[in-house]
Every structure is written in structure tokens, then in C-alpha cells.
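Have a look at the structure below, then the notes.
The values are calculated or read from the model by the stated rules, or taken from the named source; none is laboratory data. The structure displayed is predicted, hence computed values, not measured ones. Every residue, glycine among them, receives a Cβ derived from its backbone with ideal geometry; neighbour counts consider all protein chains shown. Note: areas computed on protein heavy atoms with side chains; ligands, DNA, RNA excluded. Shrake-Rupley method; radii C 1.70, N 1.55, O 1.52, S 1.80 Å.
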Amino acid sequence: MFVKSDRYFGLRRWPVLAVILAVGGATTLASAQTVDLPSSPSPNPSSLANPYFGSVTLHPATGEVLKLSLDEAIQHGLDTNLGLKEAEQSEKTLHGQVTEAVQLFLPSITVTGGTGFHQYNLAAFGFTESVFKEIGAVLPGGIPPGLSLITKADVTVGQVNWDQTLFSGTYIAGYRAVRAAEKSAYFGKESARGEVVQQVATAYLAVIAAASEVENAKALMDADKVLLDQAHAQHEAGTMANLDELRARVQYQQQQQIVVANENKREKSEILLKREIGIAPGQKIQLTDPTPYNELTTRTPEELKTEAYANRQDYQNLQAQEVETRMALRARKAERLPTLSFKGNYGVTGVTGVGYHGTLSAIGTLKVPIFREAMLRGDRDVAEAQLEGVTEQLGDIRGRIDQQVRSALLDVKAAQQLVEVSRSNVDLASRALSDQTDRFNAGIDDTLPLVQAQASLQRAQSNLVESLYQFNLAKLGLARSTGVIEQQYRNYLGR
């Protein structure tokens, strides 16, 4: 089973996006997911520990029985499963951050305007009385009488502002890193879809297996009831000892306990299935697909491994992560490069009673880092360490895929052999029970051998149900390990 892991995202991606977007004045938070093999479900699965055990319930329970095929259950899971929803939200988050990164290369155009009352003290600008006297000496008529150093004016301003980064190596490399992060999140989502298919199919098969256990237990309980009635009648007629009737009654009551336990197991399995696919726990359902059985076409580990390299989303995810961290390292190194930007505005400024006049400014800025060596080297070292970590993981995953494919193939072969042996045991146990029943009816044996034969058939039937369940799980695991479970689960299960 694949499980969600935040080993790379959250711990590694945040510094990358901070380089790209925090420089542009934005605060970001990224999260996506990767997947690993394998993991066993807990005895009491909960969406708190694994979001794939939860879902978004869309409709309340109704009084009708909802008929549900395996395909319909999987589609419900793809529409409502909580784990997949989280992966889709992560992809959407990264897509939004790509859009934010694009804005760093586009001009920012704003329109501003305002009007207000202003009061100025000319003396604060250097216009003292001595200065006025010097000015008055050269003006015809001198300084107007009553001129105050405190002036008041109503000023109205309107401007169109332009702000654009013309060149930034950090922005360019950082944008490529975010695009790679978005691609990684996409593969994380696709891997989550495969996880949902595996989880839902596993839960569906578990319900089928539990229902088969109930049917087998009820059939044996009915047979035990017939045996008990016969033993009671023969004991009443004086042809059988009381001990034989007690054995038959104990066997019947033990089988009743097994039926109750299997019914409880089936109902709990149904609740888990409904939780994973967004159906209200109280909704009654009826599974319409029987237990599938299909022998797979023989394929070599090399063929399956080649298919896995081409289709495993976690492998493609890591490849995208390597590109992301490589671009992040380039963005860190580009912090040493100059940054060229342009700012400008055009507008009008008017003073009440004086008139309006056009204003214009155009400013080009070249920023060159001179002394930030410690920070620049620290950023580079962190990015190099992150790249080395992802590269090592990418080198490891090829061997891990090989191991998982070979292990899954061995599981399929072993489970198939167990199914064959279990079917043979059921046939033998059925024949033994039939022969022992004939001997009991003929009065040759008492109830002890018959009870023992029934217990043997019970064990054989349970083993067959369990082996079929494990065989189908092994085939799902093989499809998952090759990365084709969503597209080919029908072929693997024989539907």
C-alpha cells in the first residue's frame, strides 16, 4: 500500500518558493505529496492517521438499498476520498503559485489619486526673513506686504504608475523551480488516484470476503441444525446416547457464534468501505460484483520493471523534484547577479487657484550585491544539500521499484498456489463430510466424527475465502507497483 509522506514537501519546498516570491513581496506556502511502499493498515483505520480512510460525505443516508459495483465504488472514491482531495488541493496551490511567479516578470500598473489640504512652513524650507529681503531687493515693488511664512493650499494629484523588473536571474531560475514543483504536485495527485483505487478495491474485496464467510457459516449452521434435530429425535427414540445430542447442540451453538462474529465483521467492513467513498455510514448497500478470480499472464520481472519505470508516478515525482531543486540552486547562485528594474509614473498635480500641471518620472535601477557573502554562501550550501538529497533518493528509487515489483510478483505466485490448495482442501473436506454424514445416518458412527468433519470443512472454506482475498490483494499490489492500477485494475482482477 502506498502512504502519504511529507518527506520532501514542506521541509524542502518552502525555502525554494521563498527565494522566488518573497523577493517579490509575496508570502507563500507549498505542499504536495510523495508516495512510498509499503504500509499495512492499522487494525482500526482512521482518517486522522491516513486521510485515504476518510472522505467527503455528499449525501445523507436514505431508506433505499444502494447497489454498488466495484467500478462504481472506485468512482465514488475518486470523487470524494479525503486523501485525493488533499492531493488535488496541493496541486491547485502550486498552480496558484506559478501564476504568482509569472507576475514577477510582468509590469505592475497602478492608478493613484488623491486630494487634500496642505499647510507648509516656508521657513522649514529655508525661506527665512533675510532671504525674503534679498528677493524683495530684486523684485519690482519688493515683497508684497503681509506675506506670511505659513502657506496653505488644496493639492490634487492623479498618477499612473509603472513598475517592472527587467532582469533578475533569481526570478528566472525560481520560476522554473515553481513550474517543476507544479509538475511534481501533478504526479503526486496521480499517485493519490492510484492509492484511492487500491484502497477502495481492497475495502470492496474485504466486504465480499466477509459476506462469503457469513454465507459459509450460515450453510454450516443449517447443517448443524439438521444434525441436532436428528440427534434429538434419535435420543428421544432411545437409539442414541445423550452425549451425542449434547455434542450436536454444542456444535450448533458454536456455529451460531461464528455466524454472529462474521456478520459483525461484514458490517464493519461495509462501514469502512462507505467511509472511504463518501457514502453515509448508515446507508444500506448491496455489492453487485462477486469475488473475482483471474490467473495473470506470465510476465518476467524485467518486463514489469520496465513498465514501472515508465508509469510509476512517485518515480516521475522525484524526477520533477530533482529539476525543482536544481533550479532552486540556480536561483540561489543567481542572487549574485545584478538586478535591473524600471519605475515610472505620469500624472497631473494641481493646486487650487493656480491650475494643473503634468508630472512625469522615469527611473531605471541597477542593483548589484556588494557584500552579502555569508548569506549567499549559506543559501547556496543549503540548496546544494537539498539537491544532493533528492538525487540520492532518485538513485535509490530505481532499486526500490525493482525490489517492489519482484516482491509483488512473488506474492501473486504464492497466493495463486494457496488458492489452488485451498480449493482442493474444500473439495476433500466436502467429500469427507458427505461420507461421514452417510455413516452417521446408517448408524455406523456417532456424532463426534461428523462434528469433526464439519469443523474441517469450516476451516477449509475460511482458508479458501482468505486465500482468494489475499490473491486479489496481491494482484492489486502488483498493478500498483507497476503504476497502472487505475488503468488496468479490471484486467488484474479478471473483471
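Structure notes:
- Cα lying deepest toward the dipole's positive end in the chain, options Leu428, Ser148, Gly114, charges on Cβ: Ser148
- Simple spin-label estimate for Ser108 and Ala49 in nanometres, 7 Å along Cα-Cβ: 4.8 nm
- Placing R0 at 35 angstrom, the Cβ-Cβ distance between Thr128 and Val155 gives a FRET efficiency of 0.90 after rounding to 0.05.
- Kirkwood-based Rg to Rh ratio, segment 339-412, C-alpha trace: 1.55
- Accessible area of the chain belonging to carbon and sulfur atoms, whole % at 1.4 Å probe: 56 percent
- Approximating the spin labels as points 7 Å out from Cα along Cα→Cβ, the Phe117-to-Trp162 distance works out to 3.8 nm.
- Between Lys343 and Arg400, the contour length at 0.36 nm per residue exceeds the alpha carbon distance by 15.2 nm.
- Mean Kyte hydropathy of -0.5 or more with a Cα span along the axis of at least 24 Å, helices from DSSP in the chain: 169-237, 447-481
- Charge dipole (segment 266-341, unit charges on Cβ, about Cα centre) - positive-most of Ala331, Pro281, Gln319: Ala331
- Dipole in debye (nearest 20) - the chain, about Cα centre, beta carbon charges: Lys, Arg +1; Asp, Glu -1: 1880 debye
- The antiparallel fraction among DSSP beta bridges confined to the chain stands at about 90%.
- Rounded to 0.05, the FRET efficiency of the Leu448 and Ala414 pair, given R0 = 41 Å and the Cβ-Cβ distance, is 0.70.
- Extreme residue, positive dipole direction of segment 322-477, given options Phe440, Tyr346, Ala415 (C-beta unit charges): Tyr346
- A crude spin-label estimate for the pair Asp222 and Gln487, with each label 7 Å from Cα along the Cβ direction, gives 4.6 nm.
- Summing charges over all other residues whose Cβ lies under 12 Å from the Cβ of Arg336, with Lys and Arg as +1 and Asp and Glu as -1, gives +4.
- For volume of the Cα convex hull per residue in Å³, the value computed from the atomic coordinates appears in the list [x] 296; [y] 202; [z] 234 under label [z].
- Over the chain, dividing the summed -39,500 (n - 2.57) contributions of all DSSP H runs of at least 4 residues by the number of residues returns a 222 nm mean residue ellipticity of -21500 deg cm²/dmol.
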